[in-house]
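**Q** Following this message is one structure expressed as structure tokens.
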Amino acid sequence: MPKQNKLFGLILPAVLCTALWGSAAPCIKLGYALFGIPSGDAFSQLVFAGWRFTLAGLITLLVAAALGRRPLLPNRSNIGAILSISLFQSMIQYVCYYIGLSHTTGTKGALLSGTQTFFAILFAHLFLADDKLTRPKAVGCILGFSGVVLLGLGGELGAFSLLGDGLVLLSAVSAGMGALVSRVMTPGRDPIILTAWQLTFGGLFLLALGYAGHGSIGTVTLPGLALLAYMAALSAVAFTVWTALLKQWPVGKVSLFGFLIPVFGAVISAVCLSEESWTVQGSCALLLVCAGIILANREPRHKPV
């Protein structure tokens, strides 16, 4: 493919997605503060997440209608694909992510979320015949997980929190599986319609779960609504574009850009949340994660292992 087509067909759209997702971690923590949602109130956090994704789904449906995409309602052949994608990309992933993020820092949350690239590569190797693990990918995964371990130690033995860091890491596993499912399910289907309904179903699931546990949206203010609107919009854009990329490109090529999620997240968290992100240990962890993901996605020069 010509470089110009690859620039506009893969590189720039993927960078946009990762920049938007990188901003999500600090925005979630700001959202908890603006709506007055306590860090230990898991069900209210799920209500907050549910409104974000339900609104994102509705925004995407409006865009699909404006573009003349038909049919807007999912037909029987698409229901299975929508529910499969939603299960991993909206339901499991964000139940773990939202609860976990309230018990860790925005920077660590963004860095740990970046490991979804490794899981995507692993699942692609296991289940896709044309996207196998190569030696550079294997070495890259080792480097990246070394960075995660270094980050998890946090300069203090035992600082890795199962409730916080562990759940965010589990959300990354779900995201990696979601990338695989999207790659399998999107060919022959409209990525905008798939995204609209998977976000809507996922958001309604999170809302139902949150309200069933007596959660609430908290104190509604204009700044809080503005932040929620931004988060819904970023989800609508990022998930639609990412799903379209996975329809056209191998999982490994798209996942290459996942290294930008922790980079954007760490920088934005440092600016918006005043977190002490740039310690020597944190910087080394960030470099290892980024180097690992870049190496893991190099063009293969050897036969698959």
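FYI, it's all coordinate maths here, none of it is from the lab. No experiment lies behind these values; they were computed from the predicted model shown. Cβ placement follows ideal geometry from the backbone for every residue including glycine, while neighbour counts extend to all protein chains displayed.
**Q** As a quick test, which of the pairs Lys29/Lys253; Lys137/Lys253; Lys132/Lys253 have an alpha carbon distance above 22 angstrom in this structure?
**A** Those over the limit are Lys29/Lys253.
**Q** How far is the Cα center of the stretch 50-125 from the Cα center of the stretch 157-211, in Å?
**A** That distance is 4 Å.
**Q** Show me the ranking of peptides 204-213, 95-104 by mean Cβ neighbours inside 10 Å, starting with the highest.
**A** The most tightly packed comes first, giving 95-104, 204-213.
**Q** Taking 7 Å along the Cα-to-C-beta vector as the label spot, tell me the Arg189-Val280 distance in nanometres, rounded to one decimal.
**A** 5.0 nm
**Q** If you don't mind, another one. State, to one decimal in nm, how far the label point of Lys132 lies from the label point of Tyr230, with both points 7 Å from Cα in the Cβ direction.
**A** Distance between the two pseudo-spin positions: 4.6 nm.
**Q** Rounded to the nearest 500, what is the chain's calculated 222 nm mean residue ellipticity when only DSSP H runs of at least 4 contribute -39500 (n - 2.57) each, over all residues?
**A** -23000 deg cm²/dmol
**Q** Under 13 Å from a point 7 Å along the Cα-to-Cβ line of Leu58: which residues of the stretch 224-243 have their amide N that close?
**A** The answer is 229, 232-233.
**Q** Sorted by average packing, counted as other Cβ atoms within 10 angstrom per residue and highest first, what order do 113-119, 167-173 take?
**A** Highest-to-lowest ranking by the protection proxy: 113-119, 167-173.
**Q** For Leu67 and Thr219, FRET efficiency with R0 = 35 Å and r from the beta-carbon atoms, rounded to 0.05?
**A** 0.45
**Q** Give the peptides 231-237, 51-57 in descending order of average Cβ contacts within 10 Å, highest first.
**A** Going from most to least packed, we get 51-57, 231-237.
**Q** Quick check: pseudo-label points 7 Å beyond the Cα along Cα→Cβ at Phe145 and Ala33, how many nm apart are they?
**A** Spacing of the two 7 Å Cα→Cβ label points: 3.5 nm.
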